[in-house]
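Remarks on the structure that follows.
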Amino acid sequence: MKYRYLIAALLISSQCVAQELRIQANKFSADQKKGISIFSGAVKIHKGSDELNASRVTIYTDKNNKPQRFVAQGDVSFVVLTKHKDRYRGSAQKVVYVPKQKEYKFYGNVHLQQDKDKKEILGDEVLLKLNSGKAYAKGAKKEPVIMIFTLPDEKPAKGKK
């Protein structure tokens, strides 16, 4: 039964990008007329080195069945790679991916960590543009955005203290 859902998901999403998009979930439903596919229960999505895990993922497609927007909800965790090979990992309550613009929008208790430079962003809303590698963050009404950097230790030059 799971294989039938996986095959349907691959058919829907195969036109999204040249890389294989693999979706695994406990349940699947679709309304082709509305262009909506819903995956629920331990959803795992893999595309290349990117991965996304959530309780529920809804894929919105155009009239040609090409994915226009992915909406993941419920304790979402993810790993994404930008065009410049910067790897980001983290978690949020909701994630929206827009393939055409190659943008991820993270909402609710967002924790985004860049592996290479050891940067972390904590906020309520974060936008990550995969083509440029730029990130934008916004805090909640009563909570600021928090950015954490890991700075290298400075060693004194020889003979100086």
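A short reminder: the numbers here are calculations on the coordinates, not readings from a lab. Being a predicted model, the structure only gives us computed values, none of them experimental. Using ideal geometry, Cβ is built from the backbone for each residue, glycine included, and neighbour counts are taken over all protein chains shown.
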Worksheet item: How much net charge surrounds VAL57 when only other residues with a Cβ under 14 Å from its Cβ are counted (Lys, Arg +1; Asp, Glu -1)?
Response: +4
Practice prompt. Could you tell me whether region 55-115 comes out rounded, prolate or oblate from its Cα gyration tensor? Rule is a ≥ b ≥ c as square roots of the eigenvalues, rounded for a/c under 1.5, then prolate if a/b exceeds b/c, otherwise oblate.
Written response: oblate
Fill in: Total formal charge among the other residues, if their Cβ is under 11 angstrom from that of GLN101, Lys/Arg +1 and Asp/Glu -1
+4
Worksheet item: Got a sec to turn the phi values of region 22-34 into Karplus ³J(HN,Hα) couplings, 6.51 cos²θ - 1.76 cosθ + 1.60 with θ = phi - 60°, whole Hz, x for Gly and Pro?
Response: 10, 10, 10, 7, 6, 9, 9, 9, 8, 10, 5, 4, 7
Practice prompt. Compute the signed sum of charges (Lys and Arg +1, Asp and Glu -1) over the other residues within less than 14 Å, Cβ to Cβ, of LYS119.
Written response: +1
Worksheet item: Which far-off residues, 5 or more places away or on another chain, put their amide H under 5 Å from the one on GLY133, with H placed in the peptide plane?
Response: LYS83
Worksheet item: Can you list residues whose amide H is under 5 Å from ILE36's amide H, if they're 5+ apart or on another chain and H is modeled 1.01 Å from N?
Response: ASP31, THR61
